[in-house]
1. Just rank 89, 101, fewest to most, by other beta-carbon atoms within 10 angstrom.
2. Short version: ³J(HN,Hα) in whole Hz for each residue of the stretch 61-66, in order, from phi by Karplus 6.51 cos²θ - 1.76 cosθ + 1.60 (θ = phi - 60°), x for Gly and Pro, what are they?
3. Can you give the angle from 0 to 90° between the axis of helix 129-147 and the longest principal axis of the chain, with both taken from C-alpha atoms, to the nearest 10?
4. Under unit Cβ charges (Lys, Arg +1; Asp, Glu -1), what dipole magnitude, rounded to 20 debye, does the chain have relative to its Cα centre?
5. Using Cβ contacts closer than 10 Å as the measure, can you line up 52, 126 from fewest to most?
6. Once the Cα atoms of helix 15-28 and of the chain are each reduced to a long axis, what angle between those two axes, in degrees from 0 to 90 to the nearest 10, is obtained?
7. If each residue's Cβ is checked for other Cβ atoms within 10 Å, how do 106, 99 rank with the fewest at the top?
8. Please give the contour-minus-distance gain from residue 103 to residue 54: 0.36 nm per residue of separation, less the Cα-Cα distance, rounded to one decimal in nm.
Amino acid sequence: MDKKTTHKFSVTLSDRTFENLKKLAASKHITQSELIRRLVNKGLSLESYANEQDLIQGYIREAVDASIGNSTDRLIRLQLKATQSAAICMYACISVLSDSCADEADFENLLANAIRQAHIYMKQKELPFEDYVSQAKKFHGFAREIKNINDM
């Protein structure tokens, strides 16, 4: 015969907590003792769930790292190289533009317009390859707009 063992202990509550406990137990039509048992069990379940969740997240992290960890590192290195190349190109273009402008105001307007056009371009959505071919014509238009320093 399965005999359940129970334990009794005292808990001290503030007046406010005690009143809230009484109201909640009455609203659920259960005794205060039953409400306390439910709340304790729920709290223990949540604590157990949180511990298990951390363990599961650790397993997932390990699996993701094992499957794409090397690829991620490689992609990060490639992105760093692409960023460095873009910076080199930008500074080279700025140097060429600076040499070709008659005065500082022309250069600043030309560069500001180029930055604005780059911003517009970067906001565009990814396209199918065929659309990139037709977009090459747009670049020619962008180049003409960059030269238009009076547009500012």
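Read-outs: derived from the displayed coordinates by stated rules, not from any lab. The model shown is predicted, which means the values in this text are computed figures rather than measured ones. No Cβ is skipped: glycine too gets one built from the backbone with ideal geometry, and neighbour counts run over all protein chains shown.
1. Numbers: 89 10, 101 16.
Arranged by neighbour count, lowest to highest, 89, 101 become 89, 101.
2. With coefficients 6.51, -1.76 and 1.60, one gets 4, 4, 5, 5, 4, 5 Hz.
3. Around 60 degrees separate the two axes.
4. Working: 21 positive and 20 negative charges, 263 e Å.
It works out to roughly 1260 debye.
5. Working: 52 10, 126 6.
Going from least to most buried by this count: 126, 52.
6. 90
7. Details: 106 14, 99 8.
Fewest-to-most Cβ neighbours within 10 Å comes out as 99, 106.
8. Working: separation 49, 0.36 × 49 = 17.64 nm, distance 6.18 nm.
Roughly 11.5 nm would be gained on extension.
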